[in-house]
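Beneath this line is the structure, given in C-alpha cells, with notes to follow.
The values are calculated or read from the model by the stated rules, or taken from the named source; none is laboratory data. Nothing here was measured: the structure is a model prediction, and the numbers come from that model. Note that we place each Cβ from the backbone using ideal geometry, even for glycine, and neighbour counts take in every protein chain shown.
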Amino acid sequence: MRCRLRYGCVVPAVCVVIVCAGCSDSVQLPSSGALARFEQAGPYRPVLDTDRLVQVQPRTSAYRVRPGDVLDVTIASFLSATSPDQLIPPAQTTTIACRVQQSGQITMPVVGQIQVAGKTIPEIESAISNAYYPVYARTYPSVLVRLSEAQRQKITILGAVVRPGVYELRADQMSLVWLLTEAGGILQQGAACIKIIRQGQQPTVLTLPIKGLNVPFSDVGLEDGDQVIVERLVMPVFTVIGLVNRPGNFEYPPDANYNLIQAIAFAGGLDLRLDPRYAVIYRRDVDGSVVSAVFQLSDPSRPQVTTTGIDVPIKPGDIVAIEHTPRTRSREFLDRIFNVHIGAYLPLIR
C-alpha cells in the first residue's frame, strides 16, 4: 500500500511536468516604433565642458607688495650723499635687498623709510625716485625694483583633481582657476561641482560648465587657509536581476560603452539550468517615465546560436531583467521535482 501511494503521487507530478515542458516562451518582441522610442530614451548624463573651463581667464592683477616680501632695488649710488649740499651725479648703480617691514615700509640709504606695502612694482619705483629728487638728485634717478621673494598663502585642494594637496600661492595667484591649474586640472572622469570652505563662513558651491547647457562659470578669488573640494561625479550604475548567477548593481564609468551581453557577463552569466532566451531592459526617460523592450538572446530553433539582441547598448541606469517565461518555469519545476524525488528515493537504494 505504501508503494502504491508513493507511486500514485509521483505519476500526476510527472504528468504535470511533461505538459509544462511543452510550453513555449510566449514572449512578444517590441514593434519597430516601440523599439525606436526605447533607443531614444535614457537619462541625461552631464559631461564637463573642459574647453570652457580652460578658456576662463584667471583673476590675475598686478602684484601688490606685502609685508615680509623681499625687494631687490637697483638705483644710482647716493651712498656718499648725506645732505643736499653733497649731490653726487649718478655715475654708478648699486643693488640693495630690502625686506618689507610689518609696517609696510622699506629702508633706503639717505632718504630712510619709504611706504611700499599695497603698491605695485612700478608704483614703488616711482615712490623711491621721488624720495631722492630734488633734494638728493638733480634729476629723477632711474630705479629698478624686482620682487625677489614673495610671501605665499596656503590653499588646500582635494577631490577630483590630478594632484590634490596643499599649495602655496602668491597674492596675485589666489584664484580658483590658478589653483586648478597648479593641481593639474580636473580628472578626466569629470566633477560635479566645486565647494570652497572658508573658516567662519558658509561653504561656497560653484557649478562647473556642462556641455550643452549654458551654465555660467567664472573665476573667484581665494583667501589664505581656504579649502577647495572638487566633488567627484557620482558613478552611475546599471542593474542586472533575474535568472543570472550574480545579480546586482554594477558601475558604469563615463568612458564605457556596454552592451547587453557584457551586462550579463558582469552578473556572472545566465542560469544555464533554466536556459533563458530573452531579456527585458527597463529604462527611465528624461521625463521620468519608464520604457522597456524585450530582446532575444538566442534563436529558439537553434538555442546555441546567439542573436543580434545581445549587442543592444546598455545605458547608465538601465535595469536588465532576465525574467521567467512559461518555458523556464517548467524547467525550474522539473528541476525541483527531480531533485526532491531523487533525494527521497536514494536512501532506499542500498
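Below are the figures for this structure:
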item	result
Residue in the range 148-158 that is in a loop (DSSP other than H, G, I, E, B) and on the phi > 0 side of the Ramachandran plot present	no
Any hit, the range 182-197, residues being within 16 Å of R66 (Cα to Cα) and either out of contact with any Gly (no Cβ under 8 Å at 6 or more places or on another chain) or in a strand (DSSP E or B) (or both)	no
Residue in the range 277-293 that is polar (S, T, N, Q), at negative phi and buried (at least 16 other Cβ atoms within 10 Å of the Cβ) present	no
Residues (surrounded by 14 or more Cβ atoms within 10 Å (Cβ to Cβ), at pLDDT below 95 and either among the acidic types (D, E) or outside any loop (DSSP other than H, G, I, E, B) (or both)) located in the range 100-120	M108, T120
Single unsatisfied condition, E332 versus (1) surrounded by 14 or more Cβ atoms within 10 Å (Cβ to Cβ); (2) in contact with a strand residue (DSSP E or B) (Cβ under 8 Å, 6 or more places away or on another chain); (3) not hydroxyl-bearing (S, T, Y)	(2)
Residue among A76, A62, A41 that alone is modelled with pLDDT of 75 or more and loosely packed, with under 13 Cβ neighbours inside 10 Å	A62
Complete set of residues in the range 272-288 that are in a strand (DSSP E or B) and closer than 14 Å to Q40 by Cα	I281, Y282, R283, R284
